[in-house]
1. Using the charge dipole of the range 68-219 (Lys, Arg: +1 at Cβ; Asp, Glu: -1 at Cβ; taken about the Cα centre), state which of Ser215, Gly171, Ala132 has its Cα farthest towards the positive end.
2. For the range 4-64, what is the charge dipole size about the Cα centre, in debye to the nearest 20, if Lys and Arg each add +1 at the Cβ and Asp and Glu each add -1 at the Cβ?
3. Just to be sure I understand the rule: take each whole DSSP H helix in the chain, project its Cα atoms onto its long axis, keep it if the span is 20 Å or more and its mean Kyte-Doolittle hydropathy is at least 0.0. Which ones pass?
4. Tell me the net charge near Arg161. Cut-off is 12 Å between Cβ atoms, Arg161 excluded, with +1 for each Lys or Arg and -1 for each Asp or Glu.
5. Helix-only mean residue ellipticity at 222 nm, the chain, DSSP H runs n ≥ 4 weighted -39,500 (n - 2.57), per residue, nearest 500. What is it?
6. Report the antiparallel proportion of the DSSP beta bridges in the chain as a percent, rounded to a multiple of 5.
7. How big is the charge dipole of the chain about its Cα centre, in debye rounded to the nearest 20, if each Lys and Arg gets +1 on its Cβ and each Asp and Glu gets -1 on its Cβ?
8. Calculate, for Asn3 and Ile167, the FRET efficiency according to 1/(1 + (r/R0)^6) with r their C-beta to C-beta distance and R0 51 Å; round to the nearest 0.05.
Amino acid sequence: MENRDAGLVEKISALKKKKNAVILVHNYQRDEVQDIADFLGDSLELSQNAAKTDADVIVFCGVHFMAETASIICPDKVVLLPDMNAGCPMADMITAKQLRAKKKEHPQAVVVCYINSSAEVKAESDICCTSANAVEIVESLDAPEILFVPDQYLGHYVSARTGKKMILWPGFCPTHARIEPETIKELKREYPQAKVVVHPECKPEVIALADEVTSTSGMCRYARRDEVREMVVGTEIGLIHRLRKESPGKRFIPVSEQAICPNMKLITLEKVLWSLEEMSPEVKVPREIRLKAIAAVDKMLQGKFQIPSTKS
Ligand code: 13P
Ligand code: SF4
């Protein structure tokens with residue numbers, strides 16, 4: 001660690017204690033930000049941790065929808081997002097107004113929203129899911145129609161796995177869309193022993209070439225298996241740091257140096273320190289939206305997936 005970073009880390013740690021704060025960090029964050037995490041994980045684990053923490057302040061090192069979800073779950077805590085510009089372009093591909101219009105076309109449909117969506121969209125949805133539980137959640141639904149927003153590729157994957165016909169919103173992740181099947185084929189030729197693991201936000205042609213399709217933390221669990229010695233990693237480049245740290249003797253091959261989420265990289269150690277010093281920028285979901293959105297998030301967290309097949 002550089003001296004400059006060491007000084008920042010020391011200051012962050014002292015302030016964190018003083019303010020009774022917890023630092024939740026997503027697996028795609030910069031290496032040095034991952035290293036100051038009280039908890040490092042995927043979207044599902046981060047919301048589960050937000051739900052159970054007894055800290056007064058949550059510093060969310062991730063993107064806006066993640067901090068919003070923490071605010072929905074913990075309305076009495078201060079949720080800080082060290083850079084307000086850290087958004088998720090996929091989450092911005094659907095608005096609540098657009099979803100309301102789509103629901104009018106399909107009044108019987110159960111609405112499943114990927115956690116990568118705004119609080120307003122969650123408020124219009126029946127149940128939320130993440131990449132870690134989407135298959136399980138959709139599997140459990142007894143519904144004449146399922147409307148899945150906003151990720152068409154995750155939706156396509158879940159539909160193929162469950163055999164359920166789903167209406168898909170045409171959203172996508174620009175970072176995962178950069179991963180091409182030709183690159184995977186080349187890497188398979190170059191590393192014939194390597195397992196290919198990809199995120200379900202990848203295109204179907206990429207998913208078709210994978211040995212395993214799973215969330216970011218799912219990839220870390222898969223990498224720990226004895227039989228995995230080399231792994232082609234089909235997701236955002238930031239995960240490589242955690243994989244190498246946790247399994248130092250193994251080889252991890254990023255599928256593309258281009259698979260970078262610029263929003264995730266906006267959070268820096270300096271910004272974490274400033275946000276703790278100033279207790280800002282704060283993400284707070286307005287009460288009337290929160291009260292509607294919590295139903296969809298709670299069903300996911302409580303594992304209460306059964307939604308009546310006829311909607312009132
Ligand atoms: P995970 O929940 O699998 O960590 O994914 C979050 C995300 O934004 C993927 O692009
Ligand atoms: Fe959104 Fe894609 Fe970045 Fe994940 S990697 S936060 S889905 S833009």
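Since every read-out is calculated from the coordinates, none of them should be taken as a lab result. Not measured: the values here are computed from a predicted model. Here the Cβ positions follow ideal geometry from the backbone for every residue, glycine too, while neighbour counts run over all protein chains shown.
1. The listed residue farthest towards the positive side: Gly171.
2. 320
3. Once both thresholds are applied, what remains is 287-302.
4. With Lys, Arg at +1 and Asp, Glu at -1, the neighbours total -1.
5. Mean residue ellipticity, 222 nm, calculated: -12000 deg cm²/dmol.
6. 5
7. Its charge dipole is roughly 480 debye.
8. About 0.40, to the nearest 0.05.
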